[in-house]
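Engineer: Below you'll find the structure I mean.
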Amino acid sequence: MFFTFVIIVGTIIVVSRAKYSLNWGDLLVLLTPLCWQIAHFFSKRLMTAHKEITPMLIATARTLYGGAFLFILSGIEGANQYDKLGITNILLLLIFQGIIGFALHYSIWYEAIKRLNLSKATTLVSVYPTFSILLAWLILKELPTFYQLAGFALIMVGIFGLSGIKSEHRENNILKHTAG
């Protein structure tokens, strides 16, 4: 609980930029992990309760349903740019993103949460903001502010603290295999 609280405080510092006010973009960024966690919670529950439901099935269903929803939403919003799919470079980039960015990513992720405590797996994934800050600095030349660095430091303390917690599910599986 302590390390989770540290991560939340660090995130609030990064997002609020010491003004302690949030805009719509900040709220959307904060809601994204909440939506992921809800999906991960139910996915883990499904895989645990029904052994025939595999990580590959969860990844496939999530991508299929998400894609269908976004396709419909795109049509409703009038943001359909389907003519761009005829441009070879864009189509190849989208195929690569679909295979590597989604299919492989989701398959690996659901295999991980099947084997680890969900809270620990999610914590380990929380390291991605470090890459965002680093790449924004190196590629986009965006210098992080003091508050971003301070919040980042707190997030890292929380992540390292949580990553040191033993995964009960994994420990129980190891004990079962060594005893058998």
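Engineer: Count, please, the residues in the range 28-50 that happen to be surrounded by fewer than 11 Cβ atoms within 10 Å (Cβ to Cβ), assigned to a helix (DSSP H, G or I) and not small (Gly, Ala, Ser).
Structural biologist: Number satisfying all stated conditions: 6.
Engineer: Report the residue count in the range 51-86 for those that are surrounded by fewer than 11 Cβ atoms within 10 Å (Cβ to Cβ) and outside any helix (DSSP H, G or I).
Structural biologist: Within the range 51-86, residues that are surrounded by fewer than 11 Cβ atoms within 10 Å (Cβ to Cβ) and outside any helix (DSSP H, G or I) number 5.
Engineer: Being at pLDDT 75 or above, touching a helix residue (DSSP H, G or I) at 6+ places or on another chain (Cβ under 8 Å) and not in a helix (DSSP H, G or I) is the filter here; which residues of the range 142-171 pass it?
Structural biologist: Glu142, Leu143, Pro144
Engineer: Quickly run through the range 87-102 and pick out the residues that are surrounded by 10 or more Cβ atoms within 10 Å (Cβ to Cβ) and more than 16 Å from Trp36 (Cα to Cα).
Structural biologist: Listed by number, the residues that qualify are Ile87, Ile90, Leu91, Leu92, Leu93, Leu94, Ile95, Phe96, Gln97, Gly98, Ile99, Ile100.
Engineer: Between a residue in the range 30-44 that is more than 17 Å from Asn117 (Cα to Cα) and without any contact (Cβ under 8 Å) to a residue 60 or more places away in the chain and any residue that is outside any helix (DSSP H, G or I) and among the aliphatic types (A, V, I, L, M), which pairs come within a Cβ distance under 9 Å, given they are 6 or more apart or on different chains?
Structural biologist: Hits for this filter: Leu30/Leu22.
Engineer: Of the residues Ile90, Ile58, Ile7, which single one is β-branched (Val, Ile, Thr) and farther than 30 Å from Gly158 by Cα?
Structural biologist: None of the other options fit; the residue is Ile90.
Engineer: Right, here's the next one. From the list Ile139, Ile174, exactly one residue is of a type outside the set (Gly, Ala, Ser), at pLDDT 80 or above and exposed (fewer than 15 other Cβ atoms within 10 Å of the Cβ). Which is it?
Structural biologist: Ile139
Engineer: Additional query: Of Lys120, Lys44, which residue is under 16 Å from the mean Cα position of the chain (by Cα), basic (Lys, Arg), modelled with pLDDT of 85 or more and within 28 Å of Gly10 (Cβ to Cβ)?
Structural biologist: Result of the check over Lys120, Lys44: Lys44.
Engineer: Also, quick follow-up: Go through the range 4-23 and report how many residues are of a type outside the set (S, T, N, Q), over 29 Å from Ala59 (Cα atoms) and at pLDDT 70 or above.
Structural biologist: Qualifying residue count, the range 4-23: 8.
The values are calculated or read from the model by the stated rules, or taken from the named source; none is laboratory data. A quick note: this is a predicted structure, and the numbers were derived from the prediction, not measured. Ideal geometry is used to build each Cβ from the backbone, glycine not excepted, and the neighbour counts take in all protein chains shown.
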